[in-house]
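The values are calculated or read from the model by the stated rules, or taken from the named source; none is laboratory data. Everything numeric here is computed off the predicted structure, so don't read it as measured data. All Cβ positions, glycine included, derive from the backbone under ideal geometry; neighbour counts span all protein chains shown. When the accessible area is computed, the model is the full protein with side chains, heavy atoms only, and any ligands, DNA or RNA have been set aside. Shrake-Rupley method; radii C 1.70, N 1.55, O 1.52, S 1.80 Å.
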Amino acid sequence: FVVVGKTADGGATWTLTPNEVTGDTHDAFFIDENTGYIRVGYPDTGQLYKTTDGGQTWTGMAASPGKRILFADPEVGWALLYNKVSFTTNGGDRWNSREYPFPAHVETFSLPRRDRGYIVGEHGMIYRYRLVPANYTAKGMIPAPLLSGIDSPLEKQAEQLPAQVQGLATDA
């Protein structure tokens, strides 16, 4: 059984909820107090489960995307296993993956925003994923296809920023 602990008072008391999910839990990530994911079993053969009711019930998903799961927001998440980055753009309902030729063994990653990720590996390797123009190049860059469906609302807001600043300068 998987047991989920939940606190509403900063950890002073806990409510424990056992579930029908079986297997060794290896990773868990909650987007908010209700929506979360757990992975049981081995990274390449295990099972991913999702809850939308704070861990009261879990639904098995047709994916075992990797060793560690992180979400930048309720829709965009990554999982990593060796040189394979798996990603979802619809809250984990569907996962895609890409293999990347990293020059060293990948250890961990961070996903602070839907359009920005960092992958860290042996020997000081750090790679940054970000959306760039198609013709952009940089030293050490690994050509990678766009992780489909990652449209950032920040781009449209950034396009409006110069006009807004100009408007403020005119009003002053």
Projected onto the charge dipole of region 1-109 (+1 at Lys/Arg Cβ, -1 at Asp/Glu Cβ, origin at the Cα centre), which of Tyr42, Ile31, Phe1 gives the Cα projection farthest towards the positive end? Tyr42
Among the aspartates and glutamates, select those whose C-alpha is under 19 Å from the C-alpha of Lys50, and discard any that sit fewer than 8 residues away in the same chain. Glu20, Asp24, Asp27, Asp32, Glu33, Asp73, Glu75, Asp93
Would you please give the residues with an amide H less than 5 Å from that of Asp27, counting only those at least 5 places away or on a separate chain, with H modeled from the backbone geometry? Arg39
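Work through the residues other than His26 whose Cβ is under 11 Å from its Cβ and net out their charges, Lys, Arg +1 and Asp, Glu -1.
Working: positive: Arg39, Lys67, Arg68; negative: Asp24, Asp27.
For residues surrounding His26, the net value is +1.
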Can you send over the solvent-accessible area of Ile126, 1.4 Å probe, protein chains only, in Å² to the nearest 10? 120 Å²
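Hey, got the dipole for the chain? About the Cα centre, +1 on K and R Cβ, -1 on D and E Cβ, debye to the nearest 20? Working shown, then result.
Working: 15 positive and 19 negative charges, 107 e Å.
Once rounded to the nearest 20, the dipole reads 520 debye.
If I stretch the segment between Lys139 and Arg68 completely, what's the gain in nm (0.36 nm per residue apart, minus their alpha carbon distance), one decimal?
22.7 nm
Report the gain in length on full extension from Glu75 to Ala28: 0.36 nm times residue separation, minus Cα-Cα distance, nm rounded to one decimal.
Values: separation 47, 0.36 × 47 = 16.92 nm, distance 1.62 nm.
Residue separation times 0.36 nm, minus the Cα-Cα distance, leaves 15.3 nm.
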Once both axes come from the Cα atoms, what is the angle between helix 153-171 and the longest principal axis of the chain, in degrees from 0 to 90, rounded to 10? 40 degrees
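For region 1-101, compute Rh as the Kirkwood radius over C-alpha pairs and then the Stokes-Einstein diffusion coefficient at 37 °C and 0.692 mPa s; write the answer in µm²/s, rounded to an integer.
Working: Rh = 13.9 Å.
Taking Rh from Cα pairs, D becomes 236 µm²/s.
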Residue by residue through region 81-92, what is 3J(HN,Hα) from phi via Karplus (6.51 cos²θ - 1.76 cosθ + 1.60, θ = phi - 60°)? Round to whole Hz and write x for glycine and proline. 8, 6, 9, 9, 9, 9, 8, 10, 10, 9, x, x
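Enumerate by residue number the chymotrypsin sites (Phe, Trp or Tyr not before Pro) in region 18-104 meeting two conditions: DSSP loop (anything except H, G, I, E, B), and at most 14 other Cβ atoms within 10 Å of the site's Cβ. The partial results should precede the final answer.
Details: sites: Phe29, Phe30, Tyr37, Tyr49, Trp58, Phe71, Trp78, Tyr82, Phe87, Trp95; in loops: Trp58, Tyr82, Trp95.
Loop-located and lightly packed - Tyr82.
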Residue by residue, what Karplus-based ³J(HN,Hα) values in Hz, rounded to whole numbers, does region 6-18 have, using 6.51, -1.76 and 1.60 with θ = phi - 60° and x for Gly and Pro? 9, 10, 10, 10, x, x, 5, 9, 9, 10, 9, 10, x
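Rounded to the nearest whole Å³, what is the per residue volume of the convex hull around the Cα atoms of the chain?
On the way: hull volume 31.5 nm³, N = 172.
Residue-normalised Cα hull volume stands at 183 Å³.
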Under-5 Å amide H pairs with Leu81, H placed in peptide plane, nonlocal only: Lys67, Ser86
